[in-house]
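Just below is one structure, and these are the notes that go with it.
The values are calculated or read from the model by the stated rules, or taken from the named source; none is laboratory data. Since this is a predicted model, take the numbers as computed values, not measurements. Methodologically, a virtual Cβ is constructed for each residue, glycine included, from the backbone with ideal geometry; neighbour enumeration extends over all protein chains shown.
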Amino acid sequence: MTTPSRSKRPQQSGDEAAVRGRILEAAFAAFMKNGYAAASTNEIAAHARVSKRELYALVGNKQEMLIACISERAKRLQVPADLPVPHDRETLARILSAFGTQLVREISDPTVIAVFRLAIAETTQAPEVARTLDAIGGGTSRAALRKIMTQAQKAGLLDSRPTELVEQFYGLLMGNLMTGLLLGVVERPKPREIALRARHATDAFLQLHPGADNASV
């Protein structure tokens, strides 16, 4: 089964957007409470105070609700429009550190951890949860990092393939943090700890990749 594409719905009015937000909140609550497979559209509609017809018109079926819930969160993992293009190592370091801080902050959020736990719990009953989370959530963060790495490579600051660079930086940044958070054996890092983690990951990454212009320095 492939993950369906996100629904292309017409521009919504303010009232419709508010109702849609209510539906997504109710859907997420139902998924967390009952599991994705057991959550019913009747319950979601009742908690959102809408008819099932309105629910389907504004969001769609249950899988489309799941996609919408994850997509809304994934927007925070995109590269900010005002992020500078890396033109030297110092700028690249600032960009990676800033984005790494944002990434850890979002991924370690208790709501996001709850979604990952849901995906794990539903692996047998509803494998589409994990597929959707990986395609939209993981795909968004990796696409954002790949854009940064590609720009740095074109500027001569890095000399490996962007895809490999993304995985290396991600590994240095996250380490075993996600496993600890999912198991509940570590607490979410505080803002200062998150920023420090991102800086250390950036420093280690740049030491591993001196770049074409710095390899002989």
Practice item. Quickly run through the stretch 100-126 and pick out the residues that are out of contact with any helix residue (DSSP H, G or I) (no Cβ under 8 Å at 6 or more places or on another chain), in contact (Cβ under 8 Å) with a residue 60 or more places away in the chain and either closer than 19 Å to M65 by Cβ or among the β-branched types (V, I, T) (or both). Key: A121, Q125, A126
Check your understanding: What is the number of the single condition among (1) crowded, with 16+ Cβ neighbours inside 10 Å; (2) farther than 17 Å from D88 by Cα; (3) free of Cβ contacts under 8 Å to residues at least 60 places away in the same chain that L177 does not meet?
Key -> (3)
Practice item. Look at T140 and say whether it is part of a helix (DSSP H, G or I) and in contact (Cβ under 8 Å) with a residue 12 or more places away in the chain. Key: yes
Study note, to complete from the structure: Of the listed residues (A119, A68, A81, A37), the one being more than 30 Å from P210 (Cα to Cα), at pLDDT below 90 and in the same structural domain as R131 (by TED's automatic domain parsing) is A119
Exercise for review: Taking the residues in the stretch 27-40 that are in a helix (DSSP H, G or I) and in contact (Cβ under 8 Å) with a residue 24 or more places away in the chain as candidates, determine which candidate is surrounded by the fewest Cβ atoms within 10 Å (Cβ to Cβ).
Suggested key: M32
Exercise for review: Only residues that are surrounded by 15 or more Cβ atoms within 10 Å (Cβ to Cβ) and modelled with pLDDT under 95: list them for the stretch 182-213, please.
Suggested key: H209, P210, G211
Practice item. Go through (1) modelled with pLDDT under 90; (2) part of a loop (DSSP other than H, G, I, E, B) one by one and return the number of the condition Q63 breaks. Key: (2)
